[in-house]
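Structure first, then comments.
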Amino acid sequence: MRRTLLIALAALLLAAGPTLAQSPGGAGLGDSYYPTLGNGGYDVQHYDLNVLYDFDVRLLMGTATIEAVATQDLSAFNLDFRRLTINQIRVNGAIAAYEHRGTELTVIPAQPIPAGATFTTVVLYEGIPGMGSTQMTELGWTHHENGVFVAGEPAGASSWYPVNEHPLDKATYTIRVTAPAQYVVAANGLLKETIDRGAMRTFVWETDYPTASYLVTVGIGDFVIEEQEGPNGLPIRNYFPPDLAEAAAYDFGRTPQMIALFSSLFGPYPFEAYGVVVADAPIPFALETQTLSLFGRRHVDGERGEEITVAHELAHQWFGDSVSLADWSDIWLNEGFAEYASYLWYEYLESREALDEVLHHFYNRLAESILPPPGSPPPDDLFNISVYVRGAMTLHALRARLGDEVFFRVLQTYYDRFKYSNATTGDFIAVAEEISGQQLDAFFDAWLYRLPLPPIPELGWEPLPPPTPAPTRTPPPTAAPSGG
Ligand code: TRP
Ligand code: ZN
C-alpha cells in the first residue's frame, strides 16, 4: 500500500514539472453561444463573497473567497471578471500573479495545482460596478435611485465578483453584504446573521444548494419584509418597497398555492426557501434568481395583473435553476418550460377548456408570425418571444400527443433525473421517448428547429392556409384582411 503510494507519488512528481508548467485551464467551457463564459480546469464548490457597499460613491469593496477542485493540473486558471480594480490575489495563502484582459482574469498561482486538489483563491478588489454594459444580458450589480438590484442573464455576475460564469459550474454561496444601516439586504438562501456596526450593518446570507452565477442576487433597499409559509413549512420571505407592500402582498399572495401545484406536477420544491424581491425601480423584466425571484415596480398593481409572470419566475426554480442548461442554445428548456408552467397555473385556476381557448389564440398568432423556431434561437436575440411561447406550445403539443398521464410522467422523470444538475434538449427528448415508448425525433425537430409551425392534430389545430390572393380587377372596397 505505502509502497504503491510512494511509487505513484514519485511518478507524479516526475511528471509534474513539465506537465504542470504548461497546463493552464481553458478560458471557456465550450458553450456554443458564449465560448468565453465560464472557464475550464476546475470546479468551484463554494463562493464566500464579502462586500462592503458605499452608497454615496457607489463603490463596492469586495473579498471573494473561492473554494474549488482542480479537474486537471493547473499552472494557471481563469475567472470571469469585469473591470473592477484588483488589489491582491492569493491562492492557498500565497500571493499569485494575474493578468486581467477584457473579462478574462488569468490567475497564475505561485505553486501549480495538481489535478484533484482542493484550492482556495482569495481576490481582493474594489470598484464601481455597472459602469460597463447596460445590456440586460450583462447588467449585473445595478444601483438605482432607491437601492441596488442584481440581475443579468447570462452574464451579470462578473460585474461584481470574480466567477466561473456558466451554469455548468454551479456552487453554494455565502453572501455577506455591509451597507448603510438604514437599508435592508436580501440575497439567496437563508439569512444567517445580521451584525450591527453603528452606521453600517452586515447581512450574512447562505445557500446550501448549487446555484448558477446568473441566479445569484442581492437586493439592497428600504424594504418591508413579508413572510409566508409554503408546503411542508417552506419559508417564504418577500421584500417589498414600503409604499407597495399592501398591493404586493395581494399580488404575490398565492405563492404557497403555486408552490403546491408545481410540486405536485413536477416534484418537490428544490430549495431551502422562496420569496421575491421587488426592486423600487421601473425594471421591465423579472428574473428567476434562485430562492428569491426579482421583480420591479411594474409587476405590482394590486390586481394580480402580472400573476402569470409571478408563476413563471416561480416555475423557473424547477426548470432553469434546479435543472439548468448545459449550453445557452437550449434556452427554451428554461423559458418554454417556465412559460408552460405559468399556463398550467392558469389551467388550475380556470379549466383545461379555458387554457385551450387561450392557447389556440396564441397558436394562430404564432402561425401568422415569422418568428424563428424556439430551439437554438438567434444568439443575439436569445430571449425572443418564440422561445417562450412556441417553446411552451411545443410542450402543449407533446401533452396532446402523449396524453396527460404520460406527459406529466415525462416532466417528473426529467425533473427528477436532472435536478441540481444540467440537461440538454437531447436529454429531454430521450426521457420523453423512454417514458412514452414513442419515436419523437421528428416531432421535436419540427417543433424546435423548423419552420413552419407544425399542426397539433389531436386538438385539430393547424396553421390557417395563406389567404387567397385578392382578385386583381375587382377589389372589394372595404374588405378587412382579417376579423382580428
Ligand atoms: N429569464 C428572464 C425571464 O424569466 C428573462 C431575462 C433574460 C432577464 N435575460 C435577463 C431578466 C436579464 C433580467 C435580466 O423571463
Ligand atoms: Zn423566464
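The values are calculated or read from the model by the stated rules, or taken from the named source; none is laboratory data. A quick note: this is a predicted structure, and the numbers were derived from the prediction, not measured. Positions of Cβ are generated from backbone atoms using ideal geometry, with glycine treated the same way; all protein chains shown enter the neighbour counts. Heavy atoms of the whole protein, side chains included, go into the accessibility calculation; ligands, DNA and RNA do not. Shrake-Rupley method; radii C 1.70, N 1.55, O 1.52, S 1.80 Å.
Remarks
- Test: Leu382 is within 20 Å of the chain's Cα centre (by Cα), among the aliphatic types (A, V, I, L, M) and on the phi < 0 side of the Ramachandran plot: yes
- Enumeration of residues in region 130-162 that are within 10 Å of ligand 1 (Cβ to nearest atom), open to solvent by less than 10 Å² (accessible area, probe 1.4 Å) and part of a loop (DSSP other than H, G, I, E, B): Gly152, Pro154, Gly156
- Given (1) assigned by TED's automatic domain parsing to the domain that holds Glu145; (2) hydrophobic (A, V, I, L, M, F, W, C); (3) over 26 Å from the mean Cα position of the chain (by Cα), index of the condition Ala96 fails: (1)
- Boolean, Ile283 is modelled with pLDDT under 95, surrounded by 21 or more Cβ atoms within 10 Å (Cβ to Cβ), within 15 Å of ligand 1 (Cβ to nearest atom) and outside the structural domain of Leu190 (by TED's automatic domain parsing): yes
- Qualifying residue in region 210-226 (condition: open to solvent by 50 Å² or more (accessible area, probe 1.4 Å), within 24 Å of the chain's Cα centre (by Cα) and either closer than 16 Å to Phe271 by Cα or among the small types (Gly, Ala, Ser) (or both)): no
- Identity of the residue in region 397-422, β-branched (Val, Ile, Thr) and closer than 19 Å to Ala315 by Cα, that ends up nearest to ligand 2 (Cβ to nearest atom): Val410
- When Asp73 is tested against the conditions (1) within 16 Å of ligand 1 (Cβ to nearest atom); (2) open to solvent by less than 60 Å² (accessible area, probe 1.4 Å); (3) within 25 Å of Gly40 (Cβ to Cβ), the lone failure is (1).
- The residues of region 137-155 that are at pLDDT below 95 and among the acidic types (Asp, Glu), listed by number, are Glu138, Glu145.
- Residue check, Glu335 within 11 Å of ligand 2 (Cβ to nearest atom) and open to solvent by 10 Å² or more (accessible area, probe 1.4 Å): no
- Count of residues meeting criterion [touching a Pro at 6+ places or on another chain (Cβ under 8 Å) and either aromatic (Phe, Trp, Tyr) or part of a strand (DSSP E or B) (or both)] in region 178-203: 3
- For region 163-198, the set of residues classified as among the small types (Gly, Ala, Ser) and open to solvent by less than 20 Å² (accessible area, probe 1.4 Å) consists of Ala171, Ala179, Ala186, Ala187, Gly189, listed by residue number.
- Residue that is surrounded by the fewest Cβ atoms within 10 Å (Cβ to Cβ) [pool: residues in region 84-120 that are charged (D, E, K, R) and closer than 18 Å to Gly28 by Cβ]: Arg101
- Residues (open to solvent by 50 Å² or more (accessible area, probe 1.4 Å) and modelled with pLDDT of 95 or more) located in region 35-56: Pro35, Thr36, Asp43, Gln45, Asn50, Leu52, Asp54
- Meets criteria (under 19 Å from Ala311 (Cβ atoms), surrounded by 23 or more Cβ atoms within 10 Å (Cβ to Cβ) and not small (Gly, Ala, Ser)) for Leu234: no
- Sole residue being within 16 Å of ligand 2 (Cβ to nearest atom), open to solvent by less than 10 Å² (accessible area, probe 1.4 Å), touching a Gly at 6+ places or on another chain (Cβ under 7 Å) and of a type in the set (S, T, N, Q), chosen from Thr394, Thr425: Thr394
- Criterion: in contact (Cβ under 8 Å) with a residue 12 or more places away in the chain, touching a Ser or Thr at 6+ places or on another chain (Cβ under 9 Å) and on the phi > 0 side of the Ramachandran plot - qualifying residue of Gly156, Gly147, Gly116: Gly116
- Wholly within region 358-473, helices (runs of 4 or more DSSP H) carrying at least 3 residues that are modelled with pLDDT under 95: none
- Out of Asp404, Asp381, one residue alone is open to solvent by 40 Å² or more (accessible area, probe 1.4 Å) and within 16 Å of ligand 1 (Cβ to nearest atom). It is Asp381.
- In region 340-351, residue nearest to ligand 2 (Cβ to nearest atom) [restricted to those that are open to solvent by 60 Å² or more (accessible area, probe 1.4 Å) and either in contact (Cβ under 8 Å) with a residue 60 or more places away in the chain or part of a helix (DSSP H, G or I) (or both)]: Tyr346
- Residue check, Lys192 touching a residue at least 40 places away in the same chain (Cβ under 8 Å) and either under 23 Å from Pro270 (Cβ atoms) or touching a Lys or Arg at 6+ places or on another chain (Cβ under 6 Å) (or both): no
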